[in-house]
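Single-structure report; data block below.
The values are calculated or read from the model by the stated rules, or taken from the named source; none is laboratory data. What you see is a predicted model; the values in this text were computed from it and never measured. Note that each Cβ is placed from the backbone with ideal geometry, even for glycine, and that neighbours are counted across all protein chains shown. Protein only, heavy atoms only, side chains kept; ligands, DNA and RNA dropped before computing areas. Shrake-Rupley method; radii C 1.70, N 1.55, O 1.52, S 1.80 Å.
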Amino acid sequence: MKKTLAAFLCLSLAILSACGTAHEPSSVTAPAHSSLAAVEDITIVYNDSGYPEAPVQADADMLAMDTVMHFRVYARTREEAESTLRASFDEIARLDRLMSTNRRDSDLARLNRIGHAVFSKDSAYLLRRSLEINEVTGGYFNVAVYPLVKAWGFTTAEPHVPSEQEIQALLPLTHLEQVHFDRERREVRFAHNGMGLDFGGIAKGYASQRLMEIFSRHSTVSGLVSLGGNTQLYGGKPDGSPFRVGVQDPAAADRYIGIIRTKDRALITSGIYQRFFEANGRTYHHIIDPATGAPADNSLASATVICNDGTTADALATALMIMGKEQAIAFWRQHSDLFEMVLIEKNRNVSITAGLEDCYIPKDDVLPEVIRREA
Ligand code: AMP
Ligand code: MG
């Protein structure tokens, strides 16, 4: 069996600089178990922003949650920028310790090992949100798919195709109603051995949402974070104009297919190119359809969700990828007050929802189809 590991993580949403030229979205080869650098060793690069409202632009990168994270802060002084960024690094390190399935001592690792745990407030919040989004998406977003994620080897450096028998045996262990959750005590217990939870589809959106709270607490003028291509914007540029965020071309990590001009929102992409491997002449990606136990198989190459809340955006982007285009459109029509989306198909067709019409700028010849609220 030909097996090629391509567990690489891309910056699906590139932040475009003020003058309109793109920072090339870089593709990053990261090991499945990247280790966290000591937060005090992270370098902050200071530049003159060119904006009188916030003359200091501070940028920093951090490797955490198996991805490369980029932070940018516009501030009145260096000290202000540094205190915001240091608090952000600490927050990410804290969340990484809580949420990682790879660390022996995280909330999730403990639960997945012994089938029982008392969660931290953050993990309990994420489980509560995950249950809500599972319900609203009709089961597509399902954090209990972990046994399948493991069976496909996405937690390891050697993904592989499990046997049909193995998949069938694991499917009954992925039912969320078998996860008993006492919300008052934040106590979680699995009904069966072999069950497991995975916040990989929602944790980065939660992390970016938390960072917005830190930016706010530090009275930052504005800024943004990009956690492995998941971008969340704090305000706009210091002069009040919108940021420009590039949506990655699924066919090429160094190209974008369109630009979204917006402020104060999370823009989160799920894509079949973000983590995948090849076997038997086929490509298998990491987003599992809970109905089949196999990677979702439809026309979509990526789904980007734009909304005010990072946690919601992350979980919905994962769910839309499994729904496929038609169902994703029907779902948006029911919830168009909650989010906007960009769907890119494998054949490079781009669809955007009506609320993006005025802020989406197509690149080159790839004109989007606009999805209206009424069919
Ligand atoms: P994302 O990149 O946000 O779409 O998240 C993909 C990750 O979420 C995978 O690597 C898995 O860890 C996890 N995952 C896979 N399938 C699902 C699913 N159906 N529901 C929730 N999480 C999932
Ligand atoms: Mg997600």
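Within region 228-260, the set of residues being assigned to a strand (DSSP E or B) and of a type in the set (Ser, Thr, Tyr) comprises Thr231, Tyr234, Tyr256. Set side by side, the residues Asp314, Asp309, Asp289, Asp337 differ, and just one is acidic (Asp, Glu) and free of Cβ contacts under 8 Å to residues at least 12 places away in the same chain, which is Asp337.
For region 199-220, residues that are more than 12 Å from ligand 1 (Cβ to nearest atom) and in a loop (DSSP other than H, G, I, E, B) total 3. Scanning region 54-93 for residues that are surrounded by fewer than 19 Cβ atoms within 10 Å (Cβ to Cβ), farther than 15 Å from Ser226 by Cβ and modelled with pLDDT of 95 or more yields Pro55, Arg76, Thr77, Arg78, Glu79, Glu82, Ser83, Arg86, Ala87, Asp90, Glu91. Taking each residue of region 250-272 that is without any contact (Cβ under 8 Å) to a residue 60 or more places away in the chain and looking for partners that are crowded, with 21+ Cβ neighbours inside 10 Å and of a type in the set (Phe, Trp, Tyr) with beta-carbon atoms closer than 8 Å, six or more apart or interchain, yields Lys263/Phe243; Asp264/Tyr234. Against the test of being within 18 Å of the chain's Cα centre (by Cα) and either in a strand (DSSP E or B) or not hydroxyl-bearing (Ser, Thr, Tyr) (or both), the options Arg94, Arg86, Arg103 yield a single qualifying residue, Arg94. Looking at region 172-219, which of the residues that are away from ligand 2 (no atom under 16 Å from the Cβ) and either among the basic types (Lys, Arg) or at pLDDT below 95 (or both) is nearest to Ala109 (Cα to Cα)? Result: Arg189. Among the residues of region 329-349, those that are under 22 Å from Tyr273 (Cβ atoms) and surrounded by fewer than 18 Cβ atoms within 10 Å (Cβ to Cβ) comprise Glu345, Lys346, Asn347, Arg348, Asn349. Among the residues of region 261-292, those identified as near ligand 1 (Cβ under 10 Å from one of its atoms) and not in a strand (DSSP E or B) are Ile272, Gln274, Arg275, His286, Ile287, Asp289, Pro290, Ala291.
Residues in region 295-316 that are over 29 Å from Asp122 (Cα atoms) and either within 13 Å of ligand 2 (Cβ to nearest atom) or in a loop (DSSP other than H, G, I, E, B) (or both): Asp297, Asn298, Ser299. Of the residues Ile322, Ile287, the single one that is touching a Pro at 6+ places or on another chain (Cβ under 7 Å) and either within 23 Å of Ser208 (Cβ to Cβ) or surrounded by 21 or more Cβ atoms within 10 Å (Cβ to Cβ) (or both) is Ile287.
The residue that is nearest to ligand 1 (Cβ to nearest atom), counting only those in region 123-142 that are open to solvent by less than 20 Å² (accessible area, probe 1.4 Å) and within 17 Å of Asp182 (Cβ to Cβ), is Ser130.
Here is a check on your reading of the model: is Ala301 farther than 17 Å from Tyr360 by Cα, of a type outside the set (Phe, Trp, Tyr) and within 11 Å of ligand 1 (Cβ to nearest atom)? No. Using the structure shown, decide if Ile352 is crowded, with 20+ Cβ neighbours inside 10 Å, of a type in the set (A, V, I, L, M), outside any loop (DSSP other than H, G, I, E, B) and away from ligand 2 (no atom under 16 Å from the Cβ). Yes: the conditions hold for Ile352. Scanning region 304-346 for residues that are within 13 Å of ligand 1 (Cβ to nearest atom) and charged (D, E, K, R) yields a total of 1. Taking the listed residues Ser216, Ser241, the one that is more than 18 Å from the chain's Cα centre (by Cα) and within 24 Å of Tyr125 (Cα to Cα) is Ser216, with no other qualifying.
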